[in-house]
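Below: the structure, in structure tokens.
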Amino acid sequence: MTDSIHIDGAQGEGGGQILRSSLALALITGRPVTIDNIRAGREKPGLMRQHLTAVNAAVEICGGTATGAAVGSRSLSFEPRPARAGEYRFSVGTAGSATLVLQTVLPALLTAEGPTTLILEGGTHNPWAPPFDFLQKAFIPLINRMGPHVEIELERHGFYPAGGGRFRVQVQPAAKLNGFDLCERGETVTRQCRVLLSSLPAHIGQREAQTIAEKLGWETTRCAVEEVDSSGPGNAILVEIGSSHVTEVFTGFGRYGVKAENIAADVVKQVRSYLTAGVPVGPYLADQLILPLGISAWQQGSESAGATSPRGGAFRTLPLSRHSTTHIDLLRQFLGIAVDVERSADNRSCTVRIG
């Protein structure tokens, strides 16, 4: 499939995800893509530094070309070539999220012809992106379930607004991505909370940990406060719910002028919503799973009828966010695959079937 495709960046949630996923899908399929109205739904539309880093990363790992790759650009054309395994280093240069740069290049490297090492620098714990711990505990284990083997290691924390974080990614690829179903959570086996603090008073973390323990009815031993090094001050709450079939991570980030107890209460609300719904996949993990499962379904359609490996998949989750519905629309447009969303009778959950 080499015919070019045009994507309207103003569709759906109108943010940077459309850009990143379009680049990832272009790398996977080999289809040239033009994206107009980039980040039209944001207060400052166009490419910012972290988005430009993602574009440059996509170009570097395949030796392709990009037209319109500049800060502020609202239109971009990308002509990919096959992804090349190797060693790469990408730096956002600001507090922009390095984890979002990983989102752009990882899908293609999962089925490259050899192993890859990535070093990514920038924000690792930002309010508007999946933090490193979410990727490590929730997302990457599910990717490894699909056939590849990915390991990620945090070398330095990077909080907003200072940034300066760094992490390493090792990718052992697979020939294809094997899909899976994740419709049951299973028995809860771990419950814990980590509060990260950098260059901030200890009482902030202690109050957050106490609030989490009290509101969730947990023993205080399940909540730990950790002092970490980073380029600037930072505070993050990470609540982990490990079950037989999946691990979920819920996060909150300290903000100037907002009480520690209120930050913790917001995280408790996320956890309660997830536990009450009885679904295995939370809203942010749902958004992350749609792309690799979609690629798996597309690979099945690209193979002969005799293929025997399972492709595509299904999962149960909370009502879909606008990010997720935009992602689904993009997969349908780019890959031509079927994605069905079945809501529960009480509209408190849904099942997503891909391929």
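The values are calculated or read from the model by the stated rules, or taken from the named source; none is laboratory data. The shown structure was predicted, so the numbers you read here are calculated from the model rather than taken from an experiment. All Cβ positions, glycine included, derive from the backbone under ideal geometry; neighbour counts span all protein chains shown. Heads up: the accessible areas ignore ligands, DNA and RNA and are worked out on the full protein's heavy atoms, side chains in. Shrake-Rupley method; radii C 1.70, N 1.55, O 1.52, S 1.80 Å.
Descriptive notes on the structure:
- Helical mean residue ellipticity (222 nm; -39500 (n - 2.57) per DSSP H run of 4+; nearest 500) of the chain: -10000 deg cm²/dmol
- Of the DSSP H helices in the chain, those whose Cα atoms cover at least 18 Å axially and whose Kyte score averages -0.5 or more: 16-29, 49-62, 260-277, 283-302, 322-335
- Whole-Hz ³J(HN,Hα) from phi, Karplus 6.51 cos²θ - 1.76 cosθ + 1.60, for region 162-178, glycine and proline x: 6, x, x, x, 8, 9, 10, 10, 10, 10, 9, x, 10, 5, 9, 9, 8
- Cysteines in the chain that, by Cβ-Cβ distance, have no pairing candidate under 4.7 Å: C62, C183, C350
- Mean Cβ neighbour count within 10 Å, used as a protection proxy, ranking 62-70, 98-106, 319-327 highest first: 98-106, 319-327, 62-70
- With the charge dipole of region 209-311 set up from +1 on Lys and Arg Cβ and -1 on Asp and Glu Cβ about the Cα centre, the Cα lying farthest toward the positive end among the listed residues A213, S273, V258 is that of S273.
- For C223, the residues whose amide H sits under 5 Å from its own are C193, ignoring neighbours fewer than 5 places away on the same chain, with H placed 1.01 Å from N.
- Within a Gaussian network of the chain (alpha carbon springs, distance under 10 Å), most fluctuating of G41, G294, G313: G41
- Long-range HN-HN contacts of H149 with modeled amide H, under 5 Å: Q172
- In region 1-134, a dipole from Cβ-located charges (positive for Lys and Arg, negative for Asp and Glu) runs towards its positive end, and of L120, A69, I7 it is A69 whose Cα lies farthest in that direction.
- Note, ³J(HN,Hα) from phi for region 232-243, Karplus 6.51, -1.76, 1.60, rounded to Hz, x at Gly and Pro: x, x, x, 8, 9, 10, 10, 9, 10, 10, x, 10
- When the solvent-accessible area of region 254-355 is split by element, carbon and sulfur atoms take up 47 percent of it, the probe being 1.4 Å.
- Dipole magnitude of region 1-129 about its Cα centre (Cβ charges: Lys, Arg +1; Asp, Glu -1), debye to nearest 20: 200
- Most mobile of E153, E219, E208 in a GNM of the chain (Cα contacts under 10 Å): E219
- Charged-residue dipole, Cβ positions (Lys, Arg, Asp, Glu), the chain about Cα centre, Debye nearest 20: 360
- Since only L19, V59, M48 are under comparison, the one whose Cα sits farthest along the positive direction of the charge dipole of region 1-109, derived from C-beta charges on Lys, Arg, Asp and Glu, is M48.
- Here the relative contact order of the chain, from alpha carbon pairs under 8 Å that lie six or more residues apart, stands at 13 percent.
- Accessible surface of region 147-239 [probe 1.4 Å, protein heavy atoms]: carbon and sulfur percent: 45
- Accessible surface, the chain, averaged per residue in Å² (probe 1.4 Å): 42
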